[in-house]
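*Asks:* This is the structure, below, for whatever I ask next.
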Amino acid sequence: MARLFGTDGVRGRANDDITAELAVELSVGAAHVLGTLGAFGGTRPRAILARDTRPSGDFLSAAVSAGLASAGVDVLDAGILPTPGLAHLVQASGADLGVMISASHNPAPDNGIKFFARGGTKLPDEVEDAIEARLGEQWERPQGTDVGTITPYEGAIEQYVTHLVGTLDISLEGISVVVDCANGAAAITGPEALRRAGATVHVIGDRSDGGLINDGVGSTHLEALQAAVREHGADIGVAFDGDADRCLAVDAEGHEIDGDQIMAILALDLKERGKLHEDTLVVTVMSNLGLKLAMRDHGIILGQTAVGDRYVLEEMTLGGFSIGGEQSGHVIIAEHATTGDGELTALHLLQRMVQTGRTARDLASVMTRMPQALINVRGVDKARATIDHEVRTAVEAAERELGESGRVLLRPSGTEPVVRVMVEAPTDEEATAIAERLAGIVRERLAL
């Protein structure tokens, strides 16, 4: 059977794949596993719960609260809050567990459940596997005052916004920014943090009903942001996804600044200030080859992990590294966060502009992106992507064809039912041709 947990929690169609019953069982399982591992220290455990704006977040939050409370965990419900906001609250409050109800950049009908351990870090694979293994088991239920309580977490938004602004060294006065909140969890916190930091803020994608989360807005759909930046004559635009753990940007002319370019900008800033531990930036296998070349020219080493900001964080923690992230816009700044934080990233990107007096486009020019083609192949058995002989043979042939001038990455998505085919090559035409050829073989060989 396929593993229930993906690279970012359990995710799928709400009220179909992700049901209230599953939410209860996952929450009970998490409480039991963490308790067995001694994560609660023998005391009555506390959990913080948050969600994004999706309509299904209401019933799933209620189910998670019910599951945790029935297992003897006290629940503080923070309501609508970005994922990194939840992680910060778990860390700052000393809570034993955090649960986020979100499907991140996925469309509104989807939802998901992801857990955070004490300290605000995501659970390792082996703990998630242990939770999954205990679904449906019989257990002794607490009674009377031993059951958990469920109460609102007062002041959650204010605490998180204060934290964000407090990470800056200078005011952002003089910077005009358009912020796209993806109709998601950052609709309040994102604009408020930027305003308090001193920026002039124009907002799009700030609907809070959740039915249009990520729908034509946010970090996966930059067209609206590009148009708004040009309309307002802003210096920069920043876009979050539904739970605001990602940030992408566009410059004053509307050109995209992706996660690789943002990491390059911030890594150089840290290096100049003597804060880039061992001169290392941690990225995933999806990062553009151009980032590696640019960082090499500036004396910065790239550490590389599997896809997923949790794996980036594991590598950062192991080596004590200062910054890491993904091309998709997950950026982890270790001094201030335990997970990818889109709003924190945006604030520090704007701070770099103010400190240097340089435009976003000029800062982003530190690296030249190699031509890259990415095709998401749907309707296939992604579990066979790495084991099918003909698919592997085709990938090896493409790698020989490119030699050292490019690379091929073919991988099953950890968050969606697709196989991703990514090719980098000296030209757009060559990258596209090879990617389309490989995608065709994947469709033929792995069709459901």
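The values are calculated or read from the model by the stated rules, or taken from the named source; none is laboratory data. What you see is a predicted model; the values in this text were computed from it and never measured. Note that each Cβ is placed from the backbone with ideal geometry, even for glycine, and that neighbours are counted across all protein chains shown. Side chains are part of the model used for accessible areas, which takes the heavy atoms of the whole protein and leaves out ligands, DNA and RNA. Shrake-Rupley method; radii C 1.70, N 1.55, O 1.52, S 1.80 Å.
*Asks:* Local charge sum around T145 (other residues, Cβ-Cβ under 13 Å, Lys/Arg +1, Asp/Glu -1)? Don't skip to the end; give the middle numbers.
*Replies:* On the way: positive: R44; negative: D74, D146.
Combined, the nearby Lys, Arg, Asp and Glu give -1.
*Asks:* Here is a further query. With a/c under 1.5 counting as rounded, go ahead and sort segment 1-50 into rounded, prolate or oblate using the C-alpha gyration tensor (a ≥ b ≥ c being the square roots of the eigenvalues; past the cut-off, prolate if a/b is larger than b/c, else oblate).
*Replies:* Values: a/c = 2.48, a/b = 1.88, b/c = 1.32.
It comes out prolate by the Cα gyration axes.
*Asks:* What net charge do the residues around G357 carry, taking every other residue with its C-beta under 14 Å from that of G357, with Lys and Arg at +1 and Asp and Glu at -1?
*Replies:* On the way: positive: R352, R358, R361; negative: E173, D235, D269, D362.
Here the count lands on -1.
*Asks:* Sticking with this structure for a sec: Between beta-carbons, use under 12 Å as the cut-off and find the net charge around G319, counting Lys and Arg +1, Asp and Glu -1. Mind showing how you got there, number by number?
*Replies:* Numbers: positive: none; negative: E278, D279, E314, E315.
For residues surrounding G319, the net value is -4.
*Asks:* So what's segment 397-439 giving for Cα Rg divided by 2.2 N^0.38 Å, two decimals?
*Replies:* In units of the globular-protein estimate, segment 397-439 measures up at 1.18.
*Asks:* If you don't mind, another one. Take the alpha carbon gyration tensor of segment 157-224, find the square roots of its eigenvalues, order them as a ≥ b ≥ c, and report rounded if a/c is under 1.5; if not, report prolate when a/b exceeds b/c, else oblate. Let's see the in-between values first.
*Replies:* Working: a/c = 2.75, a/b = 1.60, b/c = 1.72.
Since a/c reaches 1.5 but b/c is at least a/b, the shape of segment 157-224 is classed as oblate.
*Asks:* Explain nothing, just the number: dipole magnitude of the chain about its Cα centre with +1 on each Lys and Arg Cβ and -1 on each Asp and Glu Cβ, in debye rounded to the nearest 20. If you can, show how the numbers build up before the last one.
*Replies:* On the way: 38 positive and 66 negative charges, 67 e Å.
Dipole about the Cα centre, nearest 20: 320 debye.
*Asks:* Roughly what % antiparallel, to the nearest 5, for the DSSP beta bridges in the chain?
*Replies:* So the antiparallel bridges in the chain amount to around 55 percent.
*Asks:* Straight-line reach from K271: which lysines have a Cα under 18 Å away, not including same-chain ones fewer than 8 places off?
*Replies:* Straight-line reach from K271, under 18 Å: K292.
*Asks:* Using +1 on the beta carbon of Lys and Arg, -1 on that of Asp and Glu, and nothing else charged, what's the dipole of segment 254-301 about the Cα centre, debye to 20?
*Replies:* Computed about the Cα centre, the dipole is about 140 debye.
*Asks:* Name the most mobile residue of T280, T36, T145, meaning the one with the largest mean-square fluctuation, in a Gaussian network model of the chain with Cα contacts below 10 Å.
*Replies:* Evaluated over the chain, the most mobile residue of the options is T145.
*Asks:* Moving on to the next point. For segment 206-340, what is the accessible area per residue in Å², given a 1.4 Å probe and the full set of protein chains?
*Replies:* On a per-residue basis, 35 Å².
*Asks:* Now, a different point. Show that you can apply the helix-only estimate: for the chain, add -39,500 (n - 2.57) for every DSSP H stretch of four or more residues, divide by all residues, and state [θ] at 222 nm to the nearest 500.
*Replies:* After summing the helix terms and dividing by the residues of the chain, the value is -11500 deg cm²/dmol.
*Asks:* Return the carbon/sulfur percentage of the accessible area of the chain, one whole number, probe 1.4 Å, all protein chains in place. Please report the intermediate quantities before stating the final value.
*Replies:* Numbers: 8870 of 17630 Å².
Percent of accessible area from carbon and sulfur atoms in the chain: 50.
*Asks:* Out of residues 5 or more away from I18 or on other chains, whose amide H comes under 5 Å of its own, with H placed 1.01 Å from N in the peptide plane?
*Replies:* Excluding prolines and chain starts, which carry no amide H, the hits are R13.
*Asks:* Pull up all non-local amide H partners of I257: gap of 5 or more, or a different chain, and H-to-H distance under 5 Å with H placed in the peptide plane.
*Replies:* Close amide H contacts, sequence-distant or interchain: A249, V250, D251.
*Asks:* Collect residues whose amide H, placed 1.01 Å from N in the peptide plane, falls under 5 Å from the amide H of Q304; neighbours closer than 5 in sequence don't count.
*Replies:* Residues meeting the amide H criterion: V283.
*Asks:* Work out, step by step, the length gained on full extension between T356 and D16: first 0.36 nm times the residue separation, then minus their alpha carbon distance; give nm to one decimal.
*Replies:* Roughly 117.4 nm would be gained on extension.
*Asks:* Among L60, L135, L37, which one moves the most in a GNM of the chain with springs linking Cα atoms closer than 10 Å?
*Replies:* Of L60, L135, L37, the most mobile in the Gaussian network model is L37.
*Asks:* Check the straight Cα-Cα distances from K382 and name the lysines below 19 Å, setting aside those fewer than 8 residues away within the same chain.
*Replies:* The qualifying lysines are none; the list is empty.
*Asks:* Now, a different point. Suppose each label sits 7 Å from its Cα in the direction of the beta carbon; what would the H389-W139 distance come out to in nanometres?
*Replies:* Spacing of the two 7 Å Cα→Cβ label points: 4.5 nm.
*Asks:* Related question: Pick out which of R141, R437, R378 has the largest mean-square fluctuation in a Gaussian network model of the chain, springs linking Cα atoms closer than 10 Å.
*Replies:* R141
*Asks:* While we're looking at this one, here's another question. Quick check: from the Cα gyration tensor, does the chain come out rounded (a/c under 1.5), prolate or oblate?
*Replies:* Working: a/c = 1.69, a/b = 1.20, b/c = 1.41.
Judged from the Cα gyration tensor, the chain comes out oblate (a/c at least 1.5, b/c at or above a/b).
*Asks:* Please list, or write none, the lysines whose alpha carbon is within less than 16 Å of the alpha carbon of K114, excluding same-chain residues fewer than 8 places away.
*Replies:* List returned: K122.
*Asks:* Evaluate the charge dipole of segment 30-114 about its Cα centre and quote only its size in Debye, nearest 20, assuming +1 on the Cβ of each Lys and Arg and -1 on the Cβ of each Asp and Glu. Provide the component values of the computation, followed by the final result.
*Replies:* Details: 5 positive and 6 negative charges, 22 e Å.
Dipole about the Cα centre, nearest 20: 100 debye.
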